[in-house]
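Note sheet for the following structure.
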Amino acid sequence: MKKTQVVIIGAGPSGLLLSQLLARDGVDCLVLERQARPYVEARIRAGLLEWTTVELIRDAGVGERMLREGLVHDGFDLAFDGRSHRIDVKGLTGKNLLVYGQSELQKDLGDASADRVVWEAADVRIEDFTHAAHVSYLKDGVREVVEAEYIAGCDGYHGICRASIPRDRVVEHERVYPFGWLGVLADVPPLHHELVYANHERGFALCSQRSATRSRYYIQCALNDQVEKWDDDRFWDELARRLPADYVAKLVRGPSIEKSIAPLRSFVTEPMRFDRLFLVGDAAHIVPPTGAKGLNLAASDVRVLHEGLVDYFRRQNDTLLAAYSSRALSRVWKATRFSWWFTTLMHRFGDETFAQRLQVAELDWIAQSAAGSAAMAENYAGLPFAAG
């Protein structure tokens, strides 16, 4: 039997970031991941980081390449009704944002925490999380058992951690949206130096980026749509239809290197702690990607849990651990509200022109109102953390 202080299930960004922070503070931990490292690093995910997330990654000692290669943004554009309005996030909140692909962050974290991760740990089972923290897994055909004081469930929406909790102890809230995002990754210069969110009668579009030479574009599509029906020409043509003319003039087309369709949902689990098991990130909550909150919410969970675990192991004080769920959920629900609101504002829901007119009216109000722009900037940049 192996012994450690914290066993972390899942080696995505939240699991590896937590392990790195704990290790730097002298807390022993072990990370179990069912997939191989190259598979995890190849997943295409988020790319926009709140500055509090940037600071947390830097504090973990893995921010050097991120700060060197990441793109600092001061705001973003809202395109609607054939025109656009820039939200000056830096000017309105004093905060920047950083574009740095999750796959690159995953590589940085993987390098830093390599000696703490068991990759390809098969059939991971939570044997006990009530009176003790026991987890087992198969490696090279041998079942290993890990005994710890706490378990951090960082294994995502489809992982075993939330599934291991009795249904009568969990309250789940969900909103499924009636559309998806068709995303394309291409090695072409970005359309704009900052992100562009477009509201159009044909549907939503987002012009994003991963670097100065790699762009990520999305368009709203039907849930039952198929990637095979979208060749590159059709995608670029549809994206151009949803953008004002001045953006279209700057659009550089090129062959896609990745293309996929993602459904959108809002999902929150309450509570986020069950005895010795803590849920972190996508294991506890999902937000639509419109507000770029998924990875940032996972990082804020990590921050709160890390504070609690360090306080417990250093001082035997479990006050912060006891407050983990309430502290994390306070930020989760606010970000869930913003992501729902932004999604509702920017997407086409059926053919109703009344709703479309209301969207344009609200976007016009935001563009003309200092208070409206400030509220959007404050939520987009990331709300403050509650005091510990």
**OP:** Inspect the range 124-139 for any residue being more than 21 Å from Gln5 (Cα to Cα) and at pLDDT 95 or above and give the result as yes or no.
**Re:** no
Original post:
Phe267 versus (1) out of contact with any His (no Cβ under 8 Å at 6 or more places or on another chain); (2) under 30 Å from Arg331 (Cβ atoms): which is the lone unmet condition?
Top reply: (1)
Subject >> Cβ pairs under 9 Å, 6+ apart, first in the range 145-170 and basic (Lys, Arg), second assigned to a loop (DSSP other than H, G, I, E, B) >> reply: Arg162/Asp155; Arg162/Val170; Arg162/Ala284; Arg169/Pro271
Original post:
Which ones in the range 245-265 are without any contact (Cβ under 8 Å) to a residue 60 or more places away in the chain, surrounded by 12 or more Cβ atoms within 10 Å (Cβ to Cβ) and among the hydrophobic types (A, V, I, L, M, F, W, C)?
Top reply: Val248
**OP:** Mind counting the residues in the range 120-162 that are of a type in the set (Gly, Ala, Ser), out of contact with any strand residue (DSSP E or B) (no Cβ under 8 Å at 6 or more places or on another chain) and farther than 28 Å from Glu270 by Cβ?
**Re:** 1
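Kindly provide the set of residues from the range 45-64 that are part of a loop (DSSP other than H, G, I, E, B) and without any contact (Cβ under 8 Å) to a residue 60 or more places away in the chain, ordered by number.
Within the range 45-64, the first condition is being part of a loop (DSSP other than H, G, I, E, B), and the residues that meet it are 45-47, 60-63.
Ala60, Gly61, Val62, Gly63 - these are the residues of the range 45-64 that are part of a loop (DSSP other than H, G, I, E, B) and without any contact (Cβ under 8 Å) to a residue 60 or more places away in the chain.
Give Val145, Val184 a once-over and let me know the one that is touching a Lys or Arg at 6+ places or on another chain (Cβ under 6 Å), modelled with pLDDT of 95 or more and aliphatic (A, V, I, L, M).
Sole residue among the options that is touching a Lys or Arg at 6+ places or on another chain (Cβ under 6 Å), modelled with pLDDT of 95 or more and aliphatic (A, V, I, L, M): Val184.
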Subject >> Tally, over the range 337-387, of residues that are surrounded by 12 or more Cβ atoms within 10 Å (Cβ to Cβ) and under 30 Å from Ala322 (Cα atoms) >> reply: 12
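Would you point out which residue out of Arg58, Arg45 is surrounded by fewer than 24 Cβ atoms within 10 Å (Cβ to Cβ), in contact with a helix residue (DSSP H, G or I) (Cβ under 9 Å, 6 or more places away or on another chain), within 26 Å of Pro384 (Cα to Cα) and at pLDDT 95 or above? Spell out how you get there, then give the answer.
Working: Arg45 fails: at pLDDT 95 or above.
After ruling out the rest, the residue left standing is Arg58.
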**OP:** Check whether at least one residue in the range 266-286 is buried (at least 22 other Cβ atoms within 10 Å of the Cβ) and closer than 21 Å to Cys207 by Cα, and report yes or no.
**Re:** no
Original post:
In the range 165-183, is there at least one residue being assigned to a loop (DSSP other than H, G, I, E, B), under 30 Å from Phe76 (Cβ atoms), within 26 Å of the chain's Cα centre (by Cα) and not small (Gly, Ala, Ser)?
Top reply: no
Original post:
Cβ-Cβ below 6 Å, separation at least six or inter-chain, first residue in the range 23-41 and modelled with pLDDT of 95 or more, second of a type in the set (Phe, Trp, Tyr): which pairs?
Top reply: Val27/Phe313; Leu32/Tyr137; Glu33/Trp119; Ala36/Trp119; Arg37/Trp119
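Does Glu238 satisfy being of a type outside the set (Gly, Ala, Ser), buried (at least 16 other Cβ atoms within 10 Å of the Cβ) and not in a strand (DSSP E or B)? Outline the logic, then answer.
Numbers: of a type outside the set (Gly, Ala, Ser): yes; buried (at least 16 other Cβ atoms within 10 Å of the Cβ): yes; not in a strand (DSSP E or B): yes.
It is true that Glu238 is of a type outside the set (Gly, Ala, Ser), buried (at least 16 other Cβ atoms within 10 Å of the Cβ) and not in a strand (DSSP E or B).
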Original post:
Looking at Arg216, Arg242, which one is without any contact (Cβ under 8 Å) to a residue 60 or more places away in the chain, closer than 17 Å to Tyr197 by Cβ and of a type outside the set (Phe, Trp, Tyr)?
Top reply: Arg242
Subject >> Number of the condition not met by Arg83 [criteria: (1) touching a strand residue (DSSP E or B) at 6+ places or on another chain (Cβ under 9 Å); (2) within 29 Å of His193 (Cβ to Cβ)] >> reply: (1)
Original post:
Can you pull out the residues in the range 151-163 that are assigned to a loop (DSSP other than H, G, I, E, B) and crowded, with 18+ Cβ neighbours inside 10 Å?
Top reply: Cys154, Asp155, Gly156, Gly159
Original post:
What pairs can you find where one residue is in the range 308-320 and closer than 15 Å to Leu277 by Cα and touching a residue at least 60 places away in the same chain (Cβ under 8 Å), the other is hydroxyl-bearing (Ser, Thr, Tyr) and part of a helix (DSSP H, G or I), and their Cβ atoms are less than 8 Å apart, with a gap of 6+ or different chains?
Top reply: Leu320/Tyr312
**OP:** Filter the range 220-232 for residues that are without any contact (Cβ under 8 Å) to a residue 12 or more places away in the chain and either touching a helix residue (DSSP H, G or I) at 6+ places or on another chain (Cβ under 7 Å) or assigned to a helix (DSSP H, G or I) (or both) and give the result.
**Re:** Glu228, Lys229
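The values are calculated or read from the model by the stated rules, or taken from the named source; none is laboratory data. This structure is a prediction, so every number in the text was calculated from the model and none was measured. FYI the Cβ positions are ideal-geometry reconstructions off the backbone, even for glycines, and counts take in every protein chain you see.
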